[in-house]
Amino acid sequence: MKKLAAVLAALTLLVLLAFIYQHERGTPDKQGKPQLSEPKGEITLGSKSLTEQYLLMKMSALLLRDKGYKVNEMVFLDSQAVRSAMEAGVAELYWEYTTTARIFYHKNEPLYESEEAFREVAQTDAAKGIVWLSRSSFNSSWALFMRKDISERLRIYSINDLAEYIRTQHTGMKFATNAEYLTREDGLERLMDVYDFQLPVSQVVAIESDLLPQAVKDGRVDVAVGMASDPRIQRNNLVLLLDDNSVFPPYEAAPVILEKTLTQYPDIGETIERLTPLITQENMLDLMYKVDILQKDITKTSRDFLVKQGLLKP
C-alpha cells in the first residue's frame with residue numbers, strides 16, 4: 001500500500017508539473033507544440049547614464065514586465081541623447097527632470113516654483129506628442145554641503161548662515177563645484193546674488209562632480225555645490241545646508257511617455273503612476289546608497305524595493 005501511495009503521489013506531481021509547464025509556455029498548436037504566450041505589447045524604456053536613472057528605468061521595467069509587456073531597456077549618454085531618441089520614437093518612456101526640460105529642451109529661463117515648472121514643461125511637451133505623467137517628490141537638484149563637524153562648530157546650518165559668516169568674518173573659505181555650475185544661468189552667480197555674498201575667483205575651484213564630497217571630507221575645500229542626491233554625501237558624513245530662499249530651481253523627476261504609446265497602451269501609464277508616489281527623496285537616496293556605496297546589484301535592489309512596497313509579489 002505504501003508503494004502504491006508513493007506511485008500515486010509521484011504521478012500527481014508529474015501531472016501538476018506538466019500543467020504548470022503548459023500554462024507558462026502556452027497552449028499547444030495543432031502539431032502539439034507548446035506556444036509561447038504573446039506579450040501584451042512591446043515598449044522601449046530609456047535612461048540617462050546615472051545611477052538614479054538606472055534605478056528608475058529598472059523599477060519601471062520590472063513593473064511593466066510583470067504586467068505582461070516585452071520591455072527593452074536602453075541607456076543613453078546624456079539628457080540630449082535620450083531626448084532625441086524619444087523625439088525620434090526610439091525611446092518611448094523615461095524619467096525626466098522638470099528644470100532640465102525647461103532649460104535644455106525648451107530653451108526657457110528656469111522657474112523656481114515646483115508646480116509652475118511642472119505645468120509649463122508638460123504643456124510645452126504636449127504639443128510635441130510627449131506626455132508628462134504625475135511628478136514625484138524626488139528632487140535631483142543642486143545643494144550646498146559641508147563637513148558636519150565644521151557646520152556644528154561654526155553654527156552654519158543654512159545657506160543664509162553661510163552667507164552671513166562670509167560677510168561678517170571676511171573668510172577665505174574655499175568653494176568647489178563642477179565646471180557646468182560655474183556657467184549656468186541658475187549657477188554660482190545667482191547663488192551669490194540671491195544670498196548677497198561674494199567669492200573671489202581664487203577661492204572657487206571646479207572639479208568632477210563625483211569628487212566633490214571627498215574634497216569636502218578631506219578638507220581640501222570648505223563647501224561644495226553638487227547634487228543633493230549624491231549618496232557620497234551620506235557616506236562621508238556631510239550635511240546639506242538649508243536653502244532658505246529657494247535659490248535652486250526644482251529638478252523633480254517624472255515619467256514622460258510618447259502620446260501614441262500611451263494611447264495604444266493606457267495601462268502602461270496606470271502602472272507607472274503606481275510607482276511615482278514611492279519615488280521620494282528618502283527612498284531614492286537609500287536605493288542609490290545601496291547601489292553606489294554598498295555595491296548591491298541594481299536589479300535585485302529594485303525588485304526588493306518593489307516587493308517591500310507591495311507592487312511586486314515575492
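Please treat every number below as a calculation from the coordinates, not as lab data. Keep in mind that this is a model prediction, so the values were computed, not measured. Note: ideal-geometry Cβ built from the backbone for every residue, glycine included; neighbour counts use all protein chains shown.
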Can you compute the modelled spin-label distance between Asp78 and Glu270, with each label point 7 Å from Cα toward Cβ, in nm?
4.0
The answer for Ala176, listing residues at least 5 apart or on another chain whose modeled amide H is closer than 5 Å to its amide H, is Val205, Val223, Ala224, Val225
The relative contact order of region 194-305, taking Cα pairs under 8 Å that sit 6 or more residues apart, comes to a percentage of 24
Taking the Cα centre of region 142-240 as origin and charging only Cβ (+1 Lys, Arg; -1 Asp, Glu), how large is the dipole, in debye to the nearest 20?
400
Environment charge at Ser140 (Cβ cut-off 13 Å; Lys +1, Arg +1, Asp -1, Glu -1)
-2
Can you give me the relative contact order of region 142-240 as a percent, contacts being Cα pairs under 8 Å and 6 or more apart?
47
Give me the number: length gained by fully extending Leu50 to Thr183, i.e. 0.36 nm times residue separation minus the C-alpha to C-alpha distance, one decimal in nm.
45.7 nm
Which value in nm describes the separation of the simple spin-label points at Val205 and Asp304, placed 7 Å from the Cα toward the beta carbon?
3.6
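Treating only the Cβ of Lys, Arg, Asp and Glu as charged (+1, +1, -1, -1), what charge dipole size does the chain show about its Cα centre? Round to the nearest 20 debye. Don't jump to the answer; show the numbers that get you there.
Working: 37 positive and 44 negative charges, 383 e Å.
Dipole about the Cα centre, nearest 20: 1840 debye.
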For the chain, what is the percent of antiparallel DSSP beta bridges, rounded to the nearest 5?
50
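When you have a sec, figure out the Kirkwood radius of region 142-240 from all distinct Cα pair distances and drop it here in Å to one decimal?
Hydrodynamic radius (Kirkwood, Cα only) of region 142-240 equals 13.4 Å.
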Set the bar at 31 Å for Cα to Cα. Now go through Lys107/Lys308; Lys260/Lys296; Lys48/Lys290; Lys128/Lys296; Lys58/Lys148; Lys107/Lys300 and name every pair that lies beyond it.
Lys107/Lys308; Lys260/Lys296; Lys128/Lys296; Lys58/Lys148; Lys107/Lys300
Would you pull out the residues with amide H under 5 Å of Leu312's amide H, same chain only if 5 or more places away, H placed 1.01 Å from N?
Val307
Counting only C-alpha contacts under 8 Å and six or more residues apart, can you give the relative contact order of the chain as a whole percent?
24
Which ³J(HN,Hα) values, rounded to whole Hz and listed in residue order, are derived for region 288-294 from phi using the Karplus coefficients 6.51, -1.76 and 1.60 in 6.51 cos²θ - 1.76 cosθ + 1.60 with θ = phi - 60°, glycine and proline given as x?
5, 5, 5, 7, 7, 9, 8
Here region 264-274 yields Karplus 3J(HN,Hα) values (6.51, -1.76, 1.60; θ = phi - 60°; whole Hz; Gly and Pro given as x) of 6, 10, x, 6, 5, x, 4, 5, 5, 5, 6
Between helix 114-126 and the chain, what is the angle of the helix's C-alpha long axis to the longest principal axis, kept within 0 to 90° and rounded to the nearest 10?
60
Once every DSSP H run of n ≥ 4 in the chain is given -39500 (n - 2.57) and the sum is divided by its residues, what mean residue ellipticity at 222 nm do you get, rounded to the nearest 500 deg cm²/dmol?
-13000 deg cm²/dmol
From the coordinates shown, Cα extents along the principal axes in Å corresponds to which of [x] 68, 48, 37; [y] 93, 54, 27; [z] 57, 46, 34
[y]
Given 139-148, 166-175, 302-311, the highest-first ranking by average Cβ count within 10 Å works out to 139-148, 302-311, 166-175
Per residue Cα convex hull volume for region 183-314, in cubic angstrom?
160
Quick one: if you stick a label point 7 Å off each Cα along the C-beta vector at Gln295 and Ile150, how many nm between them?
2.9
Suppose the chain between Glu38 and Thr280 were pulled fully straight at 0.36 nm per residue; how much longer would it get relative to their current alpha carbon spacing?
83.7 nm
Along region 155-167, what does the Karplus equation 6.51 cos²θ - 1.76 cosθ + 1.60 (θ = phi - 60°) give for ³J(HN,Hα), rounded to whole Hz, x for Gly and Pro?
6, 10, 10, 9, 5, 4, 4, 5, 4, 5, 5, 5, 5
Amide H of Phe76: which non-local residues (sequence gap of 5 or more, or other chain) have their own amide H closer than 5 Å, using H built in the peptide plane?
Ser47, Lys48, Ser49
Would you mind calculating the gained length between Lys67 and Glu87 on full extension (0.36 nm times residue separation, minus the Cα-Cα distance), in nm to one decimal?
4.6 nm
